[in-house]
1. Sort 11-18, 86-93 for me by packing, meaning the mean count of neighbouring Cβ atoms within 10 Å per residue, highest on top.
2. Can you compute the charge dipole magnitude of the chain about its Cα centre, using +1 on each Lys and Arg Cβ and -1 on each Asp and Glu Cβ, nothing else charged? Give it in debye, rounded to the nearest 20.
3. Rounded to the nearest 10 degrees, what's the angle between the helix 278-287 long axis and the longest principal axis of the chain, both from Cα atoms, 0 to 90?
4. Simple spin-label model, 7 Å along Cα-to-Cβ: S301 to Q94 in nm?
5. Please arrange V269, V26 by how many other C-beta atoms lie within 10 Å of their C-beta, fewest to most.
6. For the pair N319 and L286, how long in nm is the line joining their label points, each one 7 Å along Cα→Cβ?
7. Between S90 and residues 5 or more places away or on another chain, which pairs have amide H atoms under 5 Å apart, with H built 1.01 Å from N, and which residues are they?
8. Along segment 114-119, what does the Karplus equation 6.51 cos²θ - 1.76 cosθ + 1.60 (θ = phi - 60°) give for ³J(HN,Hα), rounded to whole Hz, x for Gly and Pro?
Amino acid sequence: MTRQWISRAEALERLDVKPQTLYAYVSRQRIAAKSDPDHPRKSLYSLDDVERLSGRSDHAHASPTPRPAPNIISSGNPARGEASIDSEISITFQGRHYYRGQDSLVLAETENFEPVATLLWQSDNSNLFGPLKPRPDVNFPGGPRARVMAMLSRRLEEEAMQEILPERDLELEAAGLLNELIDSVTNGGPRLFFHQRLARGWKVNDPRDIDLIRRILILSADTELDEATLAVRVSAATQGPLANSIMAGFAALMGPKLGGRISRAEAYVTQVRRHGNPELVAKTYLNQGLELPGFEAGTASSEKQRAESLMAAAPHMGNDLKTILQVGEDLTGRPAGFSLAVALLGRHLDLPKEAPFTLYGLGRSAGWLAHAMEQIASKSAPKARLRYIGKHPLNP
């Protein structure tokens with residue numbers, strides 16, 4: 001059920017408290033708050049939380065006993081200079097990542113990518129992708145990443161500065177964009193499920209391997225807030241076409257901190273296979289003071305669980321690739337991260353160069369579109385404050 005939100009004045013009246021008390025409730029995560037889309041400098045407050053704390057409820061069939069406090073999961077109040085974003089899309093809780101309250105690891109076991117995308121978009125249309133047809137001009141040159149960027153560049157050119165209708169159908173726009181992203185990699189083809197279309201384009205025929213592509217897409221769909229998602233939301237705040245936001249997401253993803261981890265892991269796996277001695281290559285990295293790709297410090301527990309889930313679904317992966325994984329875990333004492341799992345499966349599936357990065361980006365696109373639509377619907381922008389620390393203009 002969608003939350004109902006009320007103004008500060010109404011919250012204070014219902015609670016019969018001073019403003020300082022209301023702010024204390026918010027800071028202690030007893031009341032959820034978000035920016036007012038019509039007045040970004042003001043806040044709205046969760047009616048359910050206010051009613052619970054006030055000891056009364058206007059809802060029909062209210063329980064005679066107070067309800068337990070909901071799980072308001074937050075990263076806390078933003079520090080100065082940090083962006084503040086309210087979202088209902090996903091959360092990492094007790095080490096596991098959830099999409100709209102559903103465990104992503106369970107979804108990877110049971111669902112196709114399309115229903116996961118519609119879950120993230122909170123769509124009631126169970127056949128959102130069914131009517132979509134391929135464009136006749138979907139053939140792009142280059143590798144997988146170049147094709148995706150070429151397709152997005154064309155969309156940006158087609159939609160540049162076009163008038164956005166107030167009644168635009170964001171779900172249909174998102175579905176068409178994701179469909180076209182897949183076509184850009186596969187050069188069109190039969191209207192199969194997305195993972196089947198990618199498998200067909202990359203000549204992956206074993207049903208077990210086709211299923212691995214499905215799992216990677218779902219487990220990549222959304223992550224904790226990172227620079228790529230922030231870039232998507234900032235772009236979406238301009239109320240422009242969704243293609244703008246996806247381009248911003250891919251641009252941020254191509255930096256060394258995010259998608260670059262997959263590229264480094266892919267290069268590392270290729271180097272080990274060429275050399276033939278996983279332990280020697282790994283020790284050379286470590287002796288040079290370098291982190292072993294895929295075993296970086298500070299990797300989130302949810303990412304490690306996604307990697308473990310992928311590896312568990314690939315018992316038929318070659319022993320040479322399994323050895324790379326085992327040697328890295330033994331030498332670092334850390335479990336593999338998602339970047340290495342994707343790189344290993346990329347080599348197992350014999351995908352083209354940069355295909356693991358692109359596959360991850362395609363998965364992320366479903367979550368990026370959810371964030372873009374949520375940001376557009378809010379009619380506001382992420383709150384951030386710039387603190388100037390340079391020279392005083394009157395005192396050079």
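1. Working: 11-18: 15.6, 86-93: 17.8.
Most protected by this proxy first, the peptides run 86-93, 11-18.
2. Numbers: 48 positive and 47 negative charges, 187 e Å.
Magnitude of the dipole: close to 900 debye.
3. Here the helix axis deviates by roughly 60 degrees.
4. About 1.0 nm separates the two model spin labels.
5. Numbers: V269 26, V26 20.
By the 10 Å Cβ count, ascending: V26, V269.
6. 2.3 nm
7. For S90, the qualifying residues are R100.
8. 4, x, 5, 4, 5, 5
Read-outs: derived from the displayed coordinates by stated rules, not from any lab. Please read these numbers as outputs of a predicted model, since none were measured by experiment. Neighbour counts run over all protein chains shown; Cβ positions are idealised from the backbone, glycine included.
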